[in-house]
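Asks: Take this structure first; my questions come after.
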Amino acid sequence: MTKKILVCIAPGTEELEAITVIDILERAKFDVTVASTAFDGSLTMKAAQRVMLTADVKLVEVADEEFDCIVLPGGLKGSENFRDSTLLIEMLKQQKYDEKWVAAICAAPAIVLQHHNLYPDALMTCYPSFMEAIPEKNRRIKRVFTDVLNHLITSQGPGSALEFAMEIVTTLAGKELTAKLAADLVTLPNLNYHQI
């Protein structure tokens, strides 16, 4: 069964993280919906490094749909926009309640998830300069960290975006698919994706 993924974007989203995740999940043949959380309802917006991003839909249009994973790319301004979206926060609460996956990278774990105390018991990582926002007992200094018990995948930043995206694929669809993607992408051998 095809995995259904929601990737959220907002003005100020870190485009390298958003585009990498969308690209890898599309290559995995997942059903990917890119949703805008822009408060003015716009589908096209300027990302953190001035690249223009375009969503498929407004978040409100898919608010009642079920997703196997909701992905939050980072970027300071983008994460702040996510944090301030009442609808997105309610969707994340429901996702957690349903024991379905959430994946957040860069500033998003600290600014969105920790700010709203959505995962008080979860272990997570985030962009190094935001790490202090996460309680020490919950903090993990890793490029990508998966908390299986809490159905939460977190990662540190733009440079770990490929690893983050591949972890989403591995978690939802297994190592065999990740290995195939890695071969097609010619990833670095020391990332060990070729080992099933």
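Here, each number is a calculation from the coordinates, and none is a lab measurement. Everything numeric here is computed off the predicted structure, so don't read it as measured data. Glycine also receives a Cβ, built like all others from the backbone with ideal geometry; neighbour counts cover every protein chain displayed.
Asks: Residues ALA38, ALA55, ALA63, ALA47: which one is aliphatic (A, V, I, L, M) and within 23 Å of GLU167 (Cβ to Cβ)?
Replies: ALA47
Asks: Evaluate segment 91-106: report whether one residue or more is out of contact with any strand residue (DSSP E or B) (no Cβ under 6 Å at 6 or more places or on another chain) and under 16 Å from TYR127 (Cβ atoms).
Replies: Yes - at least one qualifying residue is present in segment 91-106.
Asks: Turning to a different aspect of this structure: Pick from GLU176, GLU136, GLU163: which is touching a Lys or Arg at 6+ places or on another chain (Cβ under 9 Å) and either more than 23 Å from LEU88 (Cβ to Cβ) or surrounded by fewer than 21 Cβ atoms within 10 Å (Cβ to Cβ) (or both)?
Replies: The unique qualifying residue is GLU163.
Asks: Taking segment 28-76 as the search range and keeping residues that are out of contact with any strand residue (DSSP E or B) (no Cβ under 9 Å at 6 or more places or on another chain) and basic (Lys, Arg), which one is surrounded by the fewest Cβ atoms within 10 Å (Cβ to Cβ)?
Replies: Among those residues, the one meeting the criterion is ARG50.
Asks: For segment 18-63, which residues satisfy the criterion of being in a strand (DSSP E or B) and among the hydroxyl-bearing types (Ser, Thr, Tyr)?
Replies: THR33, SER36, THR44, THR54
Asks: Find the residue count for segment 80-111, including only residues that are surrounded by 15 or more Cβ atoms within 10 Å (Cβ to Cβ), over 17 Å from LEU43 (Cα atoms) and of a type in the set (Ser, Thr, Tyr).
Replies: Adding up the residues that qualify gives 0.
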